[in-house]
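*Asks:* Questions regarding the structure given below will be posed in turn.
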Amino acid sequence: MSAIRLSSPFRSLISTRSLPSSRRLTRPFTMTTKDEFKQQPHKSVIIVSDPRQGSSSFAMLYIDFLCMYPVRLIVITPASTVFCRIPGPIEVADEVLFANAHPSMSHISPDFIPVFGDSIRMTREVLLTKSGQPFLISGSGTLGWDQVAANLVEQGENALVLHSGYFGDSFNDCLETYGANVKQLKAPIGRAVTSSELEKELKSGKKYKIVTVTHVDTSTGVLSNVKEVAALVRRISPDTLVAVDAVCSVASEEIRFDDWDLDIVLTASQKGLGTPPGLSILVASKRALEVYKSRKSPPASYYASWKKWLPIMNAYESGTAAYFATPPVNLMYAYHASLQLIVKGEITLSERLKMHKDASRAVKDAAKRLGLKQLPELEEEAANGMTALYFPEGLTASDILPRLAKRGVVVAGGLHTAIKDKYFRIGHMGLSVVDAQRGDVNTVIRALEDTLKEARAAKLA
């Protein structure tokens with residue numbers, strides 16, 4: 001079946017009751033995946049409320065299944081008109097939300113196996129790799145750090161962490177927990193580690209097993225040049241692994257896994273990949289897998305061990321089921337639906353990335369026009385999926401964030417411990433960017449303009 005998007009996001013199921021099956025409503029609606037409606041509960045009429053149109057009336061949608069089952073009425077209303085504009089979790093497409101509501105199903109069901117297998121294959125497409133090995137595991141993005149530390153670094157081996165914010169410290173802590181000898185190259189707040197600093201360290205005579213870099217640090221909005229980092233490592237220390245924390249960059253920033261010769265890209269479902277939280281996504285190179293296989297000691301984790309997970313990924317991709325721990329079946333359906341939009345939808349991946357750049361430019365230009373200073377110091381080091389802005393002089397979080405929320409826009413406060421009370425963060429990735437009809441970027445800009453005007457006037461009163 002083909003799919004069309006509802007005018008409103010699904011939020012909560014309010015009530016159900018029977019209707020005569022002959023009842024005819026106004027708009028055709030078909031569902032998102034071929035398996036969605038094999039079970040009777042989904043042979044339904046859906047009524048959706050849309051607050052964006054300023055009306056309490058319901059949009060009527062008719063689903064004609066040409067069957068003898070009774071049709072049910074489902075009333076769905078959005079929980080609120082507040083739009084989440086933090087840099088993850090992001091609002092997700094209706095197709096994804098509906099896929100997440102798939103009926104409970106066995107993880108070894110013949111219907112689920114190809115969903116898992118296709119998700120592995122489409123993950124490669126997003127990261128532009130032919131040979132990378134995806135690991136799709138129930139967990140947050142943090143589990144990716146554990147996979148790196150537990151499978152690729154052994155006790156006492158050297159790791160170099162390129163620090164551009166809060167999450168560099170976290171990756172450092174994770175590596176040390178597993179026994180790595182970790183050194184950080186710390187950039188000043190608002191900057192990425194420079195090539196000259198990295199080159200100097202790589203030529204210091206110290207042999208590093210792995211170099212980690214946060215592509216976009218969500219705490220600062222700083223974008224690191226991963227292509228340049230990987231090229232430097234390959235030139236100076238070719239056996240050193242390059243691991244990219246791309247939780248806040250996959251599907252909003254360019255990543256060319258094969259072309260840039262990366263070893264690890266780890267991410268999570270809830271940001272640019274447009275899926276609810278709960279899925280840890282990691283892709284490993286052949287080089288990384290060889291390092292894992294040649295370990296002198298067993299992997300230092302039970303749950304994060306590739307010894308456990310690699311056979312699972314291989315099985316599902318080959319069309320058979322295998323078991324180590326139960327995968328998040330419903331979340332995998334949601335991820336599958338989102339990947340179909342990203343790699344097989346009307347908007348190509350390259351077009352999607354350009355739309356993120358355009359949205360980023362619009363938000364950042366508006367902020368500059370309003371007298372707001374970005375946290376990233378260089379334009380080329382400013383992320384495209386989020387914007388981090390210092391509060392204007394004389395105003396604080398309590399002046400800005402509640403007023404934005406009153407206008408239906410929820411943004412994030414500061415996260416970097418050294419300056420957390422001095423700035424705030426706006427997310428613009430995924431659905432809010434690629435569905436131009438929603439006008440989300442303009443909504444954020446107008447809310448920011450009105451908020452600053454009101455807040456400044458209140459200070460003068």
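No lab work stands behind these numbers, since they all come straight from the coordinates. Because the structure is a prediction, the values reported are computed rather than measured. Quick reminder, even Gly has a Cβ in these numbers, built from the backbone with ideal geometry, and neighbours come from all protein chains shown.
*Asks:* Show me, bin by bin at 5 Å from 0, the whole-percent P(r) of segment 345-422 based on Cα pairs.
*Replies:* Percent of pairs per bin, in order: 3, 13, 20, 25, 18, 11, 7, 3, 1, 0.
*Asks:* Would you mind listing how long segment 303-445 runs along its three principal axes, going by Cα atoms, in whole Å with the largest first?
*Replies:* Principal-axis extents of the Cα atoms in segment 303-445, largest first: 60, 37, 32 Å.
*Asks:* Out of segment 417-455, which trypsin sites (Lys or Arg not before Pro) are coil in DSSP terms and have no more than 12 other C-beta atoms within 10 Å? Provide the component values of the computation, followed by the final result.
*Replies:* On the way: sites: K420, K422, R425, R438, R446, K453; in loops: K420, K422.
In loop regions of segment 417-455 (DSSP not H, G, I, E or B), there are no sparsely surrounded trypsin sites (Lys or Arg not before Pro).
*Asks:* What GluC sites (Glu not before Pro) in segment 309-358 are in a loop by DSSP, with at most 10 other Cβ atoms within 10 Å of the Cβ?
*Replies:* E346
*Asks:* Over the residues of segment 155-236, compute the C-alpha Rg and express it relative to 2.2 N^0.38 Å.
*Replies:* 1.02
*Asks:* How big is segment 89-190 by Rg and Dmax over its Cα atoms, in Å?
*Replies:* Calculated on Cα positions, Rg and Dmax stand at 18.1, 52 Å.
*Asks:* Let me ask you something else. At 20 °C and 1.002 mPa s, grab the translational diffusion coefficient of segment 253-377 from Stokes-Einstein with a Kirkwood Rh over Cα pairs, rounded to a whole number in µm² per second. The partial results should precede the final answer.
*Replies:* Details: Rh = 17.9 Å.
Using the Kirkwood radius from Cα pairs, D works out to 120 µm²/s.
*Asks:* For segment 104-211, run through the trypsin sites (Lys or Arg not before Pro) and keep only the ones in DSSP coil with at most 15 other Cβ atoms within 10 Å of their Cβ.
*Replies:* Loop-located and lightly packed - K130, K203, K206, K207.
*Asks:* When N counts the residues of segment 184-306, how does its alpha-carbon radius of gyration compare numerically with 2.2 N^0.38 Å, as a ratio? Could the numbers behind the result be given before it?
*Replies:* Details: Rg = 15.0 Å, N = 123, 2.2 N^0.38 = 13.7 Å.
Rounded to two decimals, the normalised Rg is 1.10.
*Asks:* Using only the alpha carbons, work out the radius of gyration and Dmax of segment 381-448 in angstrom.
*Replies:* 12.5, 39
*Asks:* Using only the alpha-carbon atoms, what does segment 101-251 span along each of its principal axes? Please give whole angstrom values in decreasing order.
*Replies:* Projected onto its principal axes, the Cα set of segment 101-251 covers 54, 32, 28 Å.
*Asks:* Additional query: In Å³ and rounded to a whole number, note down the convex hull volume per residue for the Cα atoms of segment 146-186.
*Replies:* 52 Å³
*Asks:* If you find the alpha carbon centre of segment 314-335 and of segment 163-239, how far apart are they in angstrom?
*Replies:* 33 Å
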